[in-house]
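Presented below is the structure to which this report refers.
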Amino acid sequence: MTVNSLSFMVFFLVVALCFYLLPKKFQWICLLVASLAFYALAGATTFVWIFITCVTTYLAVRQMERMDDALKASLKSGEPLSKDEQKQAKAAEKAKKRKVLVLLLVINIGILVMLKYCNFLINNVNLILGAVGIPALNQLGLVAPLGISYYTLTSMGYAIDVYKGKYKPERNFFKNMLFISFFPIMTQGPFSRFNDLAPQLFAQHSFCYHNLSFGCQRILWGFFKKFVIADRLQPAMNTIFSNYNDYSGMSIFLGCIYMSVQIYADSSAYLDIVAGFSQILDIRLTENFQRPFFSQSLAEYWRRWHISLSAWFRDYVFYPLSISKQAIKFGKFGKKHFGIRVGKLFPAIYGMCIVWFFTGLWHDASWRYILWGVSNGVVMIAAMLLEPTFNKWKDALHIKSDSNYWRRFSIVRTFLLVAVLKVFPASASTSASLHATWKMITDFRPVFTFDAWFPSLTPTDVVFLAYGLIFFLIVSNIQEKHPVRPWLAEKPLVVRWLVYFLLLGSILTMGVFNISMVGGFAYAQF
């Protein structure tokens, strides 16, 4: 059951009715039951793994809270301690908390690695064993449960924040379970912070027409992007990369552009749909996309794309790594051998190398995704190191960074760079991605047949796609200036309903869906 299916709409209608008809003190219980039911109906075969994550997270954060409370009670009731003695006591208590946190991370990250990456590791070990003539290991019949990448990182971020003392943990086990398993975001995000989402889940809510109206508008916009753009464009992308040997480098490059547009329309559509459903329940989700194709650099693109994932890696991986002892040593090495300016960047480079390796690995247990992640990191590191050189070139050419033409050039340049790097995830295998890349370089010959530009599409498909993309671009331009829904709400009633009917009519006449309106989302596979 996907969130764009008729079955989910019926499911959500039942949930919303129960949510607002039940006494308000039971609303969070309604959400918990709905989340567990959704997890089962969405295809989950077992609750064992998510239950282990919920139990271990709850026990860990409660234990860390008890340690904090015990230290405070000890300092308050015992003999007065000097500042040094208080510092030592706090350091000892923090060390104990760290052990609890590390044990939790080992258990849950270990489960994630075992279920999602075990066979990937075995395959790579077998390559080494085969090279030296040792019999290969058998693969394990393990299947990663639905949403494990999302609920694992969400719960671990929560535990790390409790360890750092950012907030007190929730003492009710079932409320903790609701935060980890909230059904709209469990399978595809966004990653939510406990202090942002949990208070909303546990609060008492009253029905509000404004939330219903704005929620439905956002759901409709998500359906438009999903059915009119993403699902109609996907066949062309799939055809090119499934048969890349039959196409020129130009067509492969077009396929990369198609994937860039398709996956953005698909992923942002999912967020629009679940954010709309959540707003109907008076719950606001973290925004995950801020029009990344308006970015003027790859770094800015990643600040606008899958924002909650980027923020998770930034806060819980990059920052700790960049101030670690190893990073400091690396920085001293850089200053000694490459000068102070470059050396100062070395701790950040150290963190970025690891973060982008794991960003690629998080997306998929394959070397093609690792190559994609590392490639993004390499480009951004190169931009950091070469920034003074670029600035000198711009000064020599009298280019003003704030000029409109340079801004437009930077946006197009960034989009094309993002598209080229999509050759890795778009391909079926690592070797296919390398061959496709080589073909783009060596066989970029212009071909003007319809099939070379729009394989597996009809002229009608292209017309509908053009309409959808133009409409999408217009709305995105408006969103860059101000929010669309409040702006639309100020318009006369006739204008508002004309827009609604135009959007709904576009979906029904130009959308790609079967009678059940079932279509998977790209990021759900991660």
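Of Gly157, Gly189, Gly222, which residue is out of contact with any His (no Cβ under 6 Å at 6 or more places or on another chain) and on the phi > 0 side of the Ramachandran plot?
None of the others qualify; the one that does is Gly189.
Scan region 477-499 for residues that are closer than 24 Å to Leu233 by Cβ, surrounded by 15 or more Cβ atoms within 10 Å (Cβ to Cβ) and touching a residue at least 60 places away in the same chain (Cβ under 8 Å) and jot them down.
Gln479
Residues that are among the polar types (S, T, N, Q) and open to solvent by less than 20 Å² (accessible area, probe 1.4 Å): find the helices (runs of 4 or more DSSP H) completely inside region 123-207 holding 3 or more of those.
Numbers: elements: 148-164, 173-181, 194-202.
Because the criterion is at least 3 residues that are among the polar types (S, T, N, Q) and open to solvent by less than 20 Å² (accessible area, probe 1.4 Å), the helices (runs of 4 or more DSSP H) in region 123-207 that meet it are 148-164.
Of all residues in region 356-388, which are surrounded by fewer than 20 Cβ atoms within 10 Å (Cβ to Cβ) and β-branched (Val, Ile, Thr)?
Passing the criteria: Val374, Val378, Val379, Ile381.
Please state which of the following conditions Pro446 fails to meet, knowing it meets all the rest: (1) exposed (fewer than 12 other Cβ atoms within 10 Å of the Cβ); (2) at pLDDT 90 or above.
The single condition Pro446 does not satisfy is (2).
Considering each of Phe51, Phe38 in turn, give the residue that is of a type in the set (Phe, Trp, Tyr), in a helix (DSSP H, G or I) and open to solvent by 50 Å² or more (accessible area, probe 1.4 Å). Even if it seems obvious, please write down each step before you answer.
Working: Phe38 fails: open to solvent by 50 Å² or more (accessible area, probe 1.4 Å).
Phe51 is the lone residue from the list that is of a type in the set (Phe, Trp, Tyr), in a helix (DSSP H, G or I) and open to solvent by 50 Å² or more (accessible area, probe 1.4 Å).
Can you name the condition, by its number, that Thr239 falls short on among (1) open to solvent by 10 Å² or more (accessible area, probe 1.4 Å); (2) touching a Pro at 6+ places or on another chain (Cβ under 9 Å); (3) outside any helix (DSSP H, G or I); (4) among the polar types (S, T, N, Q)?
(3)
Among the residues of region 501-515, write down those that are open to solvent by less than 50 Å² (accessible area, probe 1.4 Å), within 29 Å of the chain's Cα centre (by Cα) and of a type outside the set (A, V, I, L, M, F, W, C).
Result: Ser506, Gly511.
Test of understanding: among Ala299, Ala269, Ala311, Ala265, which residue is touching a residue at least 24 places away in the same chain (Cβ under 8 Å), open to solvent by 30 Å² or more (accessible area, probe 1.4 Å) and either out of contact with any strand residue (DSSP E or B) (no Cβ under 6 Å at 6 or more places or on another chain) or of a type outside the set (Phe, Trp, Tyr) (or both)?
Numbers: Ala269 fails: open to solvent by 30 Å² or more (accessible area, probe 1.4 Å); Ala311 fails: open to solvent by 30 Å² or more (accessible area, probe 1.4 Å); Ala265 fails: open to solvent by 30 Å² or more (accessible area, probe 1.4 Å).
So the residue among Ala299, Ala269, Ala311, Ala265 that is touching a residue at least 24 places away in the same chain (Cβ under 8 Å), open to solvent by 30 Å² or more (accessible area, probe 1.4 Å) and either out of contact with any strand residue (DSSP E or B) (no Cβ under 6 Å at 6 or more places or on another chain) or of a type outside the set (Phe, Trp, Tyr) (or both) is Ala299.
Under 30 Å from the mean Cα position of the chain (by Cα) and either closer than 24 Å to Glu387 by Cβ or of a type in the set (A, V, I, L, M, F, W, C) (or both): is that true of Phe338 in this structure?
no
Within region 324-343, work out how many residues are in contact with a helix residue (DSSP H, G or I) (Cβ under 7 Å, 6 or more places away or on another chain), of a type in the set (A, V, I, L, M) and without any contact (Cβ under 8 Å) to a residue 40 or more places away in the chain.
Looking only at that region, the number is 2.
Could you list all residues from region 154-190 that are free of Cβ contacts under 8 Å to residues at least 24 places away in the same chain and among the polar types (S, T, N, Q)?
Selection gives Asn172 alone.
Which condition number in (1) open to solvent by less than 20 Å² (accessible area, probe 1.4 Å); (2) out of contact with any Cys (no Cβ under 8 Å at 6 or more places or on another chain) is the one that Asp231 fails?
The one condition Asp231 does not meet is (1).
Being touching a helix residue (DSSP H, G or I) at 6+ places or on another chain (Cβ under 9 Å) and either open to solvent by less than 90 Å² (accessible area, probe 1.4 Å) or more than 22 Å from Tyr264 (Cβ to Cβ) (or both): is that true of Asp461 here?
Considered against the rule, which asks whether it is touching a helix residue (DSSP H, G or I) at 6+ places or on another chain (Cβ under 9 Å) and either open to solvent by less than 90 Å² (accessible area, probe 1.4 Å) or more than 22 Å from Tyr264 (Cβ to Cβ) (or both), Asp461 comes out as yes.
Looking only at region 76-97, filter to residues that are among the polar types (S, T, N, Q) and either part of a helix (DSSP H, G or I) or in contact with a strand residue (DSSP E or B) (Cβ under 8 Å, 6 or more places away or on another chain) (or both); which one of those is least open to solvent (accessible area, probe 1.4 Å)?
The extreme case among them is Gln86.
Considering every residue within region 5-14, establish whether at least one is open to solvent by 40 Å² or more (accessible area, probe 1.4 Å), part of a helix (DSSP H, G or I) and of a type in the set (S, T, N, Q). Explain how you work it out, then say what you get.
Initially, region 5-14 is screened for residues open to solvent by 40 Å² or more (accessible area, probe 1.4 Å), giving 6-7, 9-10, 13-14.
Retained after the next criterion (residues that are part of a helix (DSSP H, G or I)): 6-7, 9-10, 13-14.
If we keep only those that are of a type in the set (S, T, N, Q) too, we end up with 7.
There is at least one residue in region 5-14 that is open to solvent by 40 Å² or more (accessible area, probe 1.4 Å), part of a helix (DSSP H, G or I) and of a type in the set (S, T, N, Q).
Just for helices (runs of 4 or more DSSP H) wholly inside region 448-521: which have at least 3 residues that are aromatic (Phe, Trp, Tyr)?
Where helices (runs of 4 or more DSSP H) fall fully within region 448-521 and carry at least 3 residues being aromatic (Phe, Trp, Tyr), they are 459-481, 493-510.
The values are calculated or read from the model by the stated rules, or taken from the named source; none is laboratory data. This one's a predicted model, so the numbers in the text were calculated from it and none came from an experiment. For neighbour counting, all protein chains shown are included, and Cβ atoms are generated from backbone atoms with ideal geometry for every residue, glycine included. Heavy atoms of the whole protein, side chains included, go into the accessibility calculation; ligands, DNA and RNA do not. Shrake-Rupley method; radii C 1.70, N 1.55, O 1.52, S 1.80 Å.
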